Amino acid sequence: MKYVLITLISFVAFSSLLGGFILMSVPDGSLFNLSVSSLKETIFKDYQILGLLLFVFIGLTNLFALYYTLQHRFKKFTYVILASILLCIWAILQLIYFNHLLWLSTFYFTISIITILISNQLKGRLLI
């Protein structure tokens, strides 16, 4: 179970870091086939700030959780749960504001729930 958890955290960390970096570098979203017009009902004029938020709050927090998990640190699963909760919130906000990204939001939401469940199980709290 621990290796599944490490794989999921690694995937989320590196895909979020890369995605956030790309959105900051090309803020019109064209590399992801995103349209700036889909931001018309939000406070954002392009994807640059969203890329920064993705990079910091999802990418770096999952990277931090991965580091603590690999280092066998105390409360490592607590960090994974916190990073997964942030990912869960991110996915829900994506569903609310960007309903054209339904598959992506659902995918990351599912990963966040799975990592929370695995972390709790490894912590000794059986939820399943």
Practice item. Could you please tell me which pairs satisfy a Cβ distance under 6 Å, a separation of 6+ or placement on different chains, a first residue in the range 21-47 that is free of Cβ contacts under 8 Å to residues at least 12 places away in the same chain, and a second residue that is surrounded by fewer than 16 Cβ atoms within 10 Å (Cβ to Cβ) and part of a helix (DSSP H, G or I)? Key: none
Review point. Can you tell me which residues in the range 78-128 are of a type outside the set (A, V, I, L, M, F, W, C), in contact with a helix residue (DSSP H, G or I) (Cβ under 6 Å, 6 or more places away or on another chain) and surrounded by 16 or more Cβ atoms within 10 Å (Cβ to Cβ)?
Key: TYR79, SER84, GLN94, SER105, TYR108, SER112, THR115, SER119
Practice item. Scan the range 97-105 and give yes if some residue there is in a helix (DSSP H, G or I), small (Gly, Ala, Ser), out of contact with any strand residue (DSSP E or B) (no Cβ under 8 Å at 6 or more places or on another chain) and in contact (Cβ under 8 Å) with a residue 40 or more places away in the chain, otherwise no. Key: no
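Does LEU122 meet the test of being in contact (Cβ under 8 Å) with a residue 24 or more places away in the chain, in a helix (DSSP H, G or I) and closer than 27 Å to SER30 by Cβ?
Considered against the rule, which asks whether it is in contact (Cβ under 8 Å) with a residue 24 or more places away in the chain, in a helix (DSSP H, G or I) and closer than 27 Å to SER30 by Cβ, LEU122 comes out as no.
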Practice item. For the range 105-126, indicate whether the set of residues that are at pLDDT below 95 and within 11 Å of the chain's Cα centre (by Cα) is non-empty. Key: yes
Review point. If you check every pair at least six apart or on different chains, which have Cβ atoms under 7 Å apart with a residue in the range 53-68 that is within 20 Å of ILE118 (Cα to Cα) first and a residue that is in a helix (DSSP H, G or I) and among the polar types (S, T, N, Q) second?
Key: ILE58/SER16; GLY59/SER16; ASN62/SER16; LEU66/SER10
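The values are calculated or read from the model by the stated rules, or taken from the named source; none is laboratory data. Predicted model, so just to flag it, every value in this text is computed and none were measured. As a convention, Cβ positions derive from the backbone with ideal geometry for all residues, glycine included, and neighbour counts pool all protein chains shown.
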